[in-house]
1. For segment 36-53, enumerate the residues that are in a loop (DSSP other than H, G, I, E, B), under 18 Å from GLY109 (Cα atoms) and touching a residue at least 40 places away in the same chain (Cβ under 8 Å).
2. Could you check how many residues of segment 4-47 are among the small types (Gly, Ala, Ser), surrounded by 10 or more Cβ atoms within 10 Å (Cβ to Cβ), closer than 24 Å to TYR79 by Cα and modelled with pLDDT of 70 or more?
3. Out of (1) without any contact (Cβ under 8 Å) to a residue 24 or more places away in the chain; (2) more than 16 Å from ARG29 (Cα to Cα), the odd one out for GLU98 is which?
4. How do the strands (runs of 3 or more DSSP E) wholly within segment 54-127 filter down when requiring 3 or more residues that are crowded, with 17+ Cβ neighbours inside 10 Å and touching a strand residue (DSSP E or B) at 6+ places or on another chain (Cβ under 7 Å): which remain?
Amino acid sequence: MKIIMLAALFATTSLGVIAQQPNESGERRVALTDTAVALDAAGASALEGSLRTTGLNGTADAPVTNIRMVVKNSSTVSYAFVSGLVTFYDTSGVRCGEGLFKADALAVGEAFETDTPGIRIRCTPSTWRIIATNLLPRVAPVVENTAQVSRASANLLISIDGEEHPLQIDRPLVLTLGNAQRTIVVRPAP
């Protein structure tokens, strides 16, 4: 019984340790001189970031409070708005600073230089990463024929002897006139 209990405890502990291992499929940490890649929801590269600031020697008493970085749209989608998080890690892998970045209207292949408001780097970092938190695609509305759209959305009524009947484009309206039934179809003019 003791052996079974120890085996169950060992298996549970092993699963807990495995669950704490970093996910290599996500955004990975890179050296400060390398390009960091942020992924979209599908796991494809969405943004690439490179640091412009080289002197990142912060301490707990004197943190670095401003950095410059360049972020490039590496996806095949133009964005109306992007934002993300930049995170710095010391040599032992402990997070020691993070900040936000954002931009409006980012085309495919376009890059922007930005700072990270609110950042406080409290170490001399050795690695960093970026994460895309918001990727709002720029979508242009597709309108084939504005005349048809405005006509189709109009409320049409036909009044026969004071009785009103709704009309719909290309839908038949069947009326009884005397002893005969008549079908009326309204179509847009060519």
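The values are calculated or read from the model by the stated rules, or taken from the named source; none is laboratory data. Small disclaimer: the values here were computed from a predicted structure and weren't measured. Note: ideal-geometry Cβ built from the backbone for every residue, glycine included; neighbour counts use all protein chains shown.
1. The one that is in a loop (DSSP other than H, G, I, E, B), under 18 Å from GLY109 (Cα atoms) and touching a residue at least 40 places away in the same chain (Cβ under 8 Å): ASP40.
2. 5
3. Looking at each condition in turn, GLU98 falls short on (2).
4. The qualifying strands (runs of 3 or more DSSP E) are 68-73, 79-89, 95-106.
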